[in-house]
């Protein structure tokens, strides 16, 4: 397995699934979720809401609408929209997303800097948690793409690879 760090827009990544750092209700308002809904279509949110509540530490997959992937994996980092969270929630969400990807037999997954937007987790803490958990999936997935538009997040990902 290879872990790749890529600066860019997660809505444009071609892979099996992109991870949405969701809320437990499945609503896709701002940040990564809002971007995925804007580009992929409202049907992604409609399906996610239909599978709610999604607890922190679990994940569900929905269709990807018109995104360049097959699925969106919704892994809540927070119970309610726009909550401040700690790095523990990032760890739980990352693990849940990767376990679901493995169960679905997906090979290439894209993960953003989870919890670093409205969640308020510092980039370095989130990156360390995400990379450490991604490394646990060596030989279980082909590629994990760590993608973000923020230079600080990209630098943090690279620090822990």
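Each peptide in 42-52, 72-82 was scored by the mean count of other Cβ atoms within 10 Å over its residues; highest first, the order is 72-82, 42-52. Expressed as a rounded percentage, what relative contact order does segment 2-160 have, with Cα pairs under 8 Å and six or more residues apart? It rounds to 30 percent for segment 2-160. Shape summary of the chain, radius of gyration then Dmax from alpha carbon positions: 13.6, 38 Å.
Only beta bridges with both residues in segment 2-160 are counted; by DSSP, about 15 percent of them are antiparallel. Over the chain, dividing the summed -39,500 (n - 2.57) contributions of all DSSP H runs of at least 4 residues by the number of residues returns a 222 nm mean residue ellipticity of -11500 deg cm²/dmol.
With the simple model of a label 7 Å out from the Cα in the direction of the Cβ, residue 140 to residue 103 spans 1.2 nm.
Readers should treat all values here as calculations from the given coordinates under stated rules, not as data from a laboratory. Every value quoted in this text rests on a predicted model; they were computed, and no experiment measured them. Using ideal geometry, Cβ is built from the backbone for each residue, glycine included, and neighbour counts are taken over all protein chains shown.
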